[in-house]
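I have placed the structure first, in the form of structure tokens, so that the comments after it can refer back to it.
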Amino acid sequence: MQGLYAIEGNLAFAPALGELTTIPRGYIIVEDGIVRDVCKRLPSGLSPEVISYGDAIITPSFCDLHLHAPQFPMLGTGMDLQLLEWLSTYTFPLEARFVDTAYAQRVYRKLARALVRRGTTRVCMFSSIHREATLVLMRELERAGITGYVGKVNMDRNGPKDVLESTEQSVEETRRFLDECGQYAHLKPLLTPRFVPSCTDALMQQLGDIAREYPDVRIQSHLSENMEEIAWVKELSPDCAQYWQVYEKFGLFKPHTLMAHCVYSDEAERAAMKRAGVWVVHCPDSNTNVASGIAPIRKMLQEGMQVAMGSDIAGGAKLSMTDVAAEAIRVSKLRWLFSDKKEDFLTVAEAFYLITTAGQAYFGAQPGFGEGEPLHAVVFDDSRFVHEPKKSLQERLERLIYLSNPSDIIAVYSEGKKAAL
Ligand code: GUN
Ligand code: FE
């Protein structure tokens, strides 16, 4: 929306880890899509058009920093296997279908819409190995109003023929992808070596060369998700004492590199990540579904690591980041129990921080509604719930994290524009 306007409602945001700010019946003043002020009252002398959402709750929209777009058709199925068998039985055969760009377009249009419907406006996403389908994915995300980063996946070993590329092809297609994706205003490319078992040293080496050539292009991959996977990486890279060292050896372990999972990252691996400026993406729903384990998220936060959250569909079955936040809290309570109550569990305010402020920081955005930045916000109508006895805004936010569904979302703003739901 152009011009000056204000949206009115109950505002809630996480200024820092564990902190929650609420502004009952407050205003976000927006000019040409940019947040000018977040306030309790409209300043005198200013008379913007007011879009009132009444008693609804307005929060920053959500960030999903790890998900696999081509796995959307298998959402909620195939949960009876662990990671490596799950990949070869269900995931790779499905991803092979994305050689068909018409199929990709149908799936990705639905995915983009499903994300907006759930209030997710910023993403870091894996596509498949297919360059053309990856460009289709970016087009569909952009059309729906979603912003962020998308990677064409690299894989040149340990999979069926139809999801593998030769090393040369993989490098060539990645370079073409980087050249061709400049047309999207709000979506940028990422380098995406799938994980060590999928990429030969020669491929990793050349992706490292590309990373040096394009220092602004970020990297995403997987790290220490599952015990069998970790043992396999040791066999494949006997010269590296720890999993992370394979990425580091090839220049792929850098500031802003995203590593999904890190369930079994020990103190040394965590320290290496912190030193390198690498981000952990915690994917609790996926880690439970494919029985990987429970990541030491409390320790990571205490150690000052950069942590954000991902749905990791379709290992994760929940696309909604409020659901993922609730899962993070639940599994952290199991970890608390199994650690003899030594590792604290996550609070609601912390989980809310991880799906908003932490993710926003990855995109260079400030906490909350980010004054001076394009508006990213989601509006929840929670009137279907029982509000007597009277609930505080904190309690209402907690309930949205545990119980909201997409039909509670009545408006989503992304990059300063109202998105079509
Ligand atoms: N490791 C390598 N590929 C994948 C994937 O598609 N999903 C998950 N959860 N882990 C992976
Ligand atoms: Fe993943």
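The values are calculated or read from the model by the stated rules, or taken from the named source; none is laboratory data. For clarity, every value in this text was computed on a predicted model and none was experimentally measured. Using ideal geometry, Cβ is built from the backbone for each residue, glycine included, and neighbour counts are taken over all protein chains shown. Ligands, DNA and RNA are excluded from the accessible area calculation, which covers all protein heavy atoms including side chains. Shrake-Rupley method; radii C 1.70, N 1.55, O 1.52, S 1.80 Å.
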Exercise. For the range 213-332, list the helices (runs of 4 or more DSSP H) that sit wholly inside it and hold at least 1 residues that are within 24 Å of D80 (Cα to Cα); which are they?
Worked result: 227-236, 284-289
Exercise. List, please: which pairs have Cβ atoms under 7 Å, are six or more places apart or on different chains, and start with a residue in the range 256-269 that is open to solvent by 10 Å² or more (accessible area, probe 1.4 Å) and end with one that is part of a helix (DSSP H, G or I) and away from ligand 1 (no atom under 13 Å from the Cβ)?
Worked result: Y264/M227
For this session: Output the strands (runs of 3 or more DSSP E) that fall wholly within the range 33-122 and possess 3 or more residues being open to solvent by less than 10 Å² (accessible area, probe 1.4 Å) and away from ligand 2 (no atom under 16 Å from the Cβ), or say none.
Result: 49-60
Problem set entry | Test: residue in the range 70-84 that is hydrophobic (A, V, I, L, M, F, W, C), without any contact (Cβ under 8 Å) to a residue 60 or more places away in the chain and at negative phi | no
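Conditions (1) modelled with pLDDT under 95; (2) within 16 Å of ligand 1 (Cβ to nearest atom); (3) open to solvent by 10 Å² or more (accessible area, probe 1.4 Å), marked per residue:
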site: P284; (1), (2), (3): no, yes, no
site: G310; (1), (2), (3): no, yes, no
site: I313; (1), (2), (3): no, yes, no
site: A326; (1), (2), (3): no, no, no
site: K333; (1), (2), (3): no, no, yes
site: T347; (1), (2), (3): no, no, yes
Exercise. Looking at the range 371-387, is at least one residue farther than 21 Å from I58 by Cα, of a type in the set (F, W, Y), buried (at least 20 other Cβ atoms within 10 Å of the Cβ) and touching a helix residue (DSSP H, G or I) at 6+ places or on another chain (Cβ under 7 Å)?
Worked result: no
For this session: Select, from S237, S224, the only residue that is open to solvent by less than 20 Å² (accessible area, probe 1.4 Å) and either within 15 Å of ligand 2 (Cβ to nearest atom) or within 23 Å of the chain's Cα centre (by Cα) (or both).
Result: S224
Exercise. Residue check, R131 against (1) more than 27 Å from T356 (Cβ to Cβ); (2) open to solvent by less than 10 Å² (accessible area, probe 1.4 Å); (3) not small (G, A, S), all met but one. Which one?
Worked result: (2)
